[in-house]
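A quick write-up on the structure given underneath.
The values are calculated or read from the model by the stated rules, or taken from the named source; none is laboratory data. Small disclaimer: the values here were computed from a predicted structure and weren't measured. Positions of Cβ are backbone-derived with ideal geometry, glycine not excepted, and every protein chain shown enters the neighbour counts.
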Amino acid sequence: MQRFESYLSQNLPQAPSFHPVYEDALGVMLTAGGKRFRPMLLLNIVDAYEPMLYDGALPVALALEMFHTYSLIHDDLPAMDDADLRRGNETLHKRYDEVTAILAGDALNTDAFLKISQAPLREDIKIKLVTLLAQNGGGEGMVLGQAIDCYFENKPLDIEQIKVLHTNKTAKLIAASLQMGAVIVGLDIKVQKALYDFGIDLGLLFQIQDDIIDETQSEEEAGKTTGNDGDKNSFVNLLGLEQTVQEADTLAKDLQRRFETFDEKLQIALQPLITKYLSRHKPEA
């Protein structure tokens, strides 16, 4: 984590001009903290199998964090969640204005692909990485999930539809992070598929626990706006808190069983990152 944080702080987006806040706006949410869950999934796989490729993978990990951060900036906008707090800080549209927040998100989205294109990795690997991020983060992935989430606000969905929503909005980018790490180190396509499928269900568990956080924690505890899902299609709104916790426990047990089928290197690589999601009944801040 420290290695990635150091790299991030030394490679923040730069766009010098006479604009008074634009360049600051590009970096403020990146430096505001966060779990760094997606980049660490990728980097831990690389470190476990091909540590010599770790430095070459850092720009790709940063690209994932930039892309994820763009999605949070846009998710917080008045047209979407209209949130005031993110990562313990004012959201960008509150700190600056809505136009600046939209454009900062646009820039982080686009520049994420630039980071991958400039990584010191083989060209065919970089094409595959760009493809995975675009497929899982774009119109048939995260953006689709966000579109469903916004369109069906105040229009209740059933449990399978909610899973489709959150598979796209949250889980696909987590799954892509795992597969992108596997692509960098050249893991077998079957292993890549198993990791991706595992990541989809891990992402669903991540979202279920996030819904529980929204229901049970204050803004100070969570570091972001909570109590804001009343009109949303969340697991808690459909199932109730008790059944949502049970759903999380069932999914966590299945993921633990599948995790134990991975080879030793993979288990060692991922254990520190995912154990807390597989072993807790209620999510932490």
> Can you tell me which of Ile102, Ile125 is among the β-branched types (Val, Ile, Thr), in contact (Cβ under 8 Å) with a residue 24 or more places away in the chain and farther than 22 Å from Leu77 by Cβ?
Replying inline: Ile125
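One line per residue, one yes/no per condition, for (1) modelled with pLDDT under 90; (2) among the hydroxyl-bearing types (Ser, Thr, Tyr):
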{"site": "Ala194", "(1), (2)": "no, no"}
{"site": "Gly203", "(1), (2)": "no, no"}
{"site": "Ser218", "(1), (2)": "yes, yes"}
{"site": "Asp229", "(1), (2)": "yes, no"}
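Are there helices (runs of 4 or more DSSP H) fully within the stretch 131-219 with at least 2 residues that are in contact with a helix residue (DSSP H, G or I) (Cβ under 8 Å, 6 or more places away or on another chain) and among the small types (Gly, Ala, Ser)? List them. Before you say what the answer is, go through the steps one by one.
Numbers: elements: 142-151, 159-166, 172-185, 189-216.
Result: 172-185, 189-216.
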> How about the stretch 3-25: which of its residues are more than 22 Å from Ala57 (Cβ to Cβ) and of a type in the set (A, V, I, L, M)?
Replying inline: Ala15, Val21, Ala25
> Which of the residues that make up the stretch 1-31 are surrounded by fewer than 16 Cβ atoms within 10 Å (Cβ to Cβ) and among the aliphatic types (A, V, I, L, M)?
Replying inline: Met1, Leu12, Ala15, Val21
>> Pairs needed: first member in the stretch 39-60, without any contact (Cβ under 8 Å) to a residue 60 or more places away in the chain; second member anywhere, buried (at least 24 other Cβ atoms within 10 Å of the Cβ); C-beta distance under 7 Å; at least 6 residues apart or different chains.
In response: Tyr54/Leu43; Tyr54/Val46
